Amino acid sequence: MTEHVTFHDHSPKTLSLYEAVVQGLSRPHKMIPPKFFYDDRGSELFDAICAQPEYYLPAAEHRLLTRCADELADLVGGGRVVIEPGAGSLKKIRWLLDALQPSAYVPMDISHTYLQSAARQLAAAFPWLPIHAACVDFSHSMPLPRQVPEGPRLVFFPGSSLGNFHPPEARDFLALIRDTVGQDGMLLIGVDTKKPAAVLDAAYNDAAGLTAQFNLNLLHRIQRELKADCDPQGFRHHAFYNSAAGRVEMHLVSAQSQRLRINGHRFDFDAGESVHTECSYKYAPAEFIGLAADAGFVPVKHWLAQDDLFGVYLLACG
Ligand SMILES: C[S@@+](CC[C@H](N)C(=O)[O-])C[C@H]1O[C@@H](n2cnc3c(N)ncnc32)[C@H](O)[C@@H]1O
């Protein structure tokens, strides 16, 4: 790696894929946490989903962030350390770097080699920026590399990734961000809004079938990495808006009764039984601001896309 980019491996020491799958499939309602979608293939598929016309979130967020970049620069001030948990391809920070002029950038992701290659590409495009990339599972902690300079911090958390947490966990995660940025810290976050089920159902069932491939990739990963005896083709992708719970749910539904075997464990599926793989909670602006307040943040300003399609919020520590 070039001089101004360092890579730090704080690889997940929490739950492994094996433990998570065995625990999750042993539950009465089978589930696997969404962080296990993201091997190299999962990260590539997520980027491809972001280019689908039905998946309106990245385009709406791009319009908002580029529209408010100069205003953000005034509100945030230059020279902050910018930390991005779940940074993925590192595409979104590019929209803001010239405006924010950070003293350093700390992208964090669970998807190890994808993060390394994205950090190298970013370093080539922004040679003035010190980058300290860290492979981290942010579920319980957000350890920063020791090379990260002192100075005020900003966490950037776009893409409505907060929606993958159930609301009490989302509040805890916001509190973890608050502890990470400290008293003079700020948070810039993209959060999806509630909207008609038809729009959400289309967004999570793109016509090209990429979200289906992304969901099913979890089974391919289990088959390959855990040497599991399972047939991914015996499952289908199912995503829908659960309006009562205010969330999109993604499931893998068993097409027939079947048995999945992993290292001596056996998991039986009835036809139609599902594994719940992801929630994407949607928040009205007042709901999100209330949740952030519970975690110790005060709103500075927020921007809503046309028809309140998506929200970007700047918050400070209260
Ligand atoms: C929905 S994608 C969003 C990517 C990017 N932030 C964006 O807005 O396009 C979620 C990202 O978070 C990462 N991720 C998911 N769970 C994680 C965890 N527990 N710890 C660290 N990274 C995680 C994934 O690898 C993926 O890159």
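Under a 10 Å cutoff between Cα atoms, tell me which one of L96, L65, L218 has the largest fluctuation in the Gaussian network model of the chain.
Of the options given, L96 has the highest mean-square fluctuation.
Note down the nm distance, to one decimal, between modelled labels 7 Å out along Cα→Cβ at S243 and at A73.
So the label points at S243 and A73 sit 4.3 nm apart.
Only Lys, Arg, Asp and Glu count, each charged at its Cβ (+1, +1, -1, -1), so figure out the dipole size of the chain about its Cα centre, rounded to 20 debye.
Details: 28 positive and 36 negative charges, 73 e Å.
Around 360 debye, computed over the chain.
Counting only protein heavy atoms and a 1.4 Å probe, tell me what percentage of the chain's accessible area is made up of carbon and sulfur.
Working: 7000 of 13540 Å².
Carbon and sulfur together cover 52 percent of it.
May I ask you to derive the relative contact order of the range 115-273, considering only C-alpha pairs under 8 Å and at least 6 residues apart, and to give it as an integer percent?
On the way: 180 pairs, mean separation 22.4, N = 159.
The normalised contact order for the range 115-273 reaches 14 percent.
If amide H atoms are built 1.01 Å from N in the plane of the peptide, which residues on other chains or at least 5 residues away come under 5 Å of the amide H of R80?
Distant-sequence amide H within range of R80: S103.
By what distance, in whole Å, do the Cα atoms of the range 29-188 stretch along each of the three principal axes, largest value first?
Principal extents (Cα only, largest first): 47, 33, 27 Å.
For the chain, what is the calculated [θ] at 222 nm in deg cm²/dmol (nearest 500), taking -39500 (n - 2.57) for each run of four or more DSSP H residues and dividing by its residue count? Write down the numbers at each step before the final one.
On the way: 10 runs with 105 residues, N = 318.
Calculated from helices alone, the mean residue ellipticity at 222 nm is -10000 deg cm²/dmol.
If amide hydrogens are placed 1.01 Å from N in the peptide plane, which non-local residues have theirs closer than 5 Å to the one on E278?
M250
Among S161, F269, V298, whose Cα lies farthest out toward the positive end of the dipole of the range 158-302, if unit charges sit on the beta carbon of Lys, Arg (+1) and Asp, Glu (-1)?
Result: F269.
Which residue fluctuates most in the GNM of the chain (Cα springs below 10 Å): V155, V21, V191?
V21
Assuming a ≥ b ≥ c are the square roots of the Cα gyration tensor eigenvalues, decide whether the chain counts as rounded (a/c under 1.5), prolate (otherwise, with a/b larger than b/c) or oblate.
prolate
GNM, the chain, Cα, under 10 Å: largest mean-square fluctuation among A212, A271, A292?
Among A212, A271, A292, the largest GNM mean-square fluctuation belongs to A271.
Report, ordered by chain and residue number, the lysines lying within cross-link reach of K30, taken as a straight Cα distance under 24 Å and ignoring same-chain residues fewer than 8 apart.
Within the straight-line cut-off, K30 pairs with K13, K227, K282.
Under a 1.4 Å probe, what is the accessible area of the range 273-318 per residue, stated in Å²?
Working: 1690 Å² over 46 residues.
Accessible surface, normalised per residue, equals 37 Å².
Could you pull out the GluC sites (Glu not before Pro) across the range 59-157 that fall in loop regions by DSSP (anything but H, G, I, E, B) with no more than 16 other Cβ atoms inside 10 Å? Walk me through the numbers before you get to the answer.
On the way: sites: E61, E71, E150; in loops: E150.
Those that pass, being in a loop and sparsely packed, are E150.
The values are calculated or read from the model by the stated rules, or taken from the named source; none is laboratory data. Just so it is clear, the model here is predicted, and its values are computed rather than measured. Cβ coordinates were reconstructed from backbone atoms using ideal geometry, including for glycine residues, and neighbour counts include every protein chain displayed. Side chains included, ligands, DNA and RNA excluded: accessible areas come from the protein's heavy atoms. Shrake-Rupley method; radii C 1.70, N 1.55, O 1.52, S 1.80 Å.
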